[in-house]
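Some notes on the structure that comes next.
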Amino acid sequence: MNQNIKLLLRFTLFGALILVGLFVIIYTFIAIRYSPSYVYRELFMDLGTSYDYRILPERKLTASPNPFLFSADTSKETLVQVTFQSNPEIKNLDAFLESTGTQAFLVIQNDVVIYERYFMGYQRDSIVTSFSVAKSFDSALIGIANQEGYIKNVNDPITDYLPELAQRDQRFKDIQIRDLLRMASGLRYNSDRLISFGDDNLTYGFDDLRHLALTKTEVVEKPGATFLYNNYNPLLLGLILERATSRPVTTYLQEKIWTPLGMEFDGSWSLDAEQNGFEKNGKRDKCPRD
C-alpha cells in the first residue's frame with residue numbers, strides 16, 4: 001500500500017514538473033517572439049478591467065475653457081424607469097444598474113439630462129474607462145483629417161500612409177482606409193488562440209502597438225468582402241492619423257473635438273507604454289476617460 005502511494009506521488013510530482021516546464025517554455029517563447037514586458041503584463045497585470053487607467057501610462061486631455069453644460073429635467077425620471085422596467089427582468093432600474101457593476105448611467109434627450117445616476121462611489125467628474133468608444137473618436141478624427149487635407153480620401157490605400165506594409169506584403173495595397181473604418185480589411189484576427197497568442201490579448205496588452213500593427217498583421221482575404229470585428233483596424237487608423245497629422249492622436253483629439261465641443265472635465269487616453277507613447281485604439285480599450 002505504501003509502495004503504491006509513493007508511486008502515485010512520484011507520478012503526480014512528475015506530471016506537475018512537466019506542466020511547469022511547458023508553462024516556462026511557452027512563455028519564454030512568447031517573450032522572445034513578442035517581448036518580456038508583454039509576458040509580464042499577461043501574467044501579473046489584470047488588464048481589461050475598468051480600472052486599467054490606474055496602471056497604464058496616459059496622455060492627458062484638458063477641459064475646454066468654454067465648457068458646454070447640459071441642462072437637467074428630473075421630471076422625466078419616472079418615464080425612464082418605467083421604460084426600462086417594462087422588461088420583466090428589471091424590477092428596479094437603479095438596483096439593476098448597481099447589480100450589473102454600472103459606474104455611470106445617463107439618459108440625454110435634446111441636450112437635456114433626464115436621468116443621471118452614479119454607482120460604486122463614482123461621481124460626475126470621476127474617471128471611467130470607455131473602452132471601444134475609442135473607435136468612434138478614431139473614425140471622427142479620420143473624417144476631420146480628410147476635411148483638412150491631411151488625408152486625401154478614405155478610398156486611399158493604407159500603404160500611402162504606411163508604406164512599410166507593402167514592403168512586407170503587396171496585398172496591403174488593396175486595403176483602403178474605408179475598409180479599416182468598416183471593419184472589412186481582410187486582415188487575420190483570431191481571438192481564440194491558446195494562452196496569450198490570441199489577437200484580443202495582443203492588441204490590448206502588447207507594449208508596442210505600432211510594431212505589432214506594422215509587423216504582425218496578415219492579409220487573409222480580399223478587403224471589403226467580410227465584416228470582422230478586428231482590433232488591428234483601429235490600430236492602423238491610429239497610425240495613419242499620427243503619420244498624416246504629424247502629432248499624437250490625443251493631441252489632434254484635443255484640438256479638433258475635446259476643446260471645440262466644450263468638454264467640461266479633463267480626460268486622458270491610455271498608451272501602450274511610456275517609452276512608445278502610442279494610443280490604445282483597440283477593443284477593451286480607453287478612448288478619453290470623461
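The values are calculated or read from the model by the stated rules, or taken from the named source; none is laboratory data. Worth saying up front: this structure is predicted, and the values here are computed from it rather than measured. A quick note on method: Cβ atoms are made from the backbone with ideal geometry, for glycine too, and the neighbour counts reach across all protein chains shown.
List of remarks:
- Scanning the range 155-173 for residues that are touching a residue at least 40 places away in the same chain (Cβ under 8 Å) and either basic (K, R) or not assigned by TED's automatic domain parsing to the domain that holds R243 (or both) yields R168, R171.
- Top-ranked residue of the range 257-277 - restricted to ones that are within 29 Å of F68 (Cα to Cα) and buried (at least 19 other Cβ atoms within 10 Å of the Cβ), ranked as farthest from the chain's Cα centre (by Cα): M263
- Filter result (among the charged types (D, E, K, R), part of a loop (DSSP other than H, G, I, E, B) and either under 20 Å from E279 (Cα atoms) or in contact with a Lys or Arg (Cβ under 6 Å, 6 or more places away or on another chain) (or both)) within the range 135-164: none
Matching residues to (1) more than 12 Å from S50 (Cβ to Cβ); (2) outside any loop (DSSP other than H, G, I, E, B); (3) among the hydrophobic types (A, V, I, L, M, F, W, C); (4) without any contact (Cβ under 8 Å) to a residue 40 or more places away in the chain:
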{"residue": "L97", "(1), (2), (3), (4)": "yes, yes, yes, yes"}
{"residue": "F105", "(1), (2), (3), (4)": "yes, yes, yes, yes"}
{"residue": "I108", "(1), (2), (3), (4)": "yes, yes, yes, yes"}
{"residue": "I114", "(1), (2), (3), (4)": "yes, yes, yes, no"}
{"residue": "V128", "(1), (2), (3), (4)": "no, no, yes, no"}
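- Condition check for K152 on (1) in contact (Cβ under 8 Å) with a residue 12 or more places away in the chain; (2) of a type in the set (K, R); (3) surrounded by fewer than 14 Cβ atoms within 10 Å (Cβ to Cβ): one failure, at (1).
- Enumeration of residues in the range 44-72 that are more than 14 Å from the chain's Cα centre (by Cα) and aliphatic (A, V, I, L, M): M45, I55, L61, A63, L69, A72
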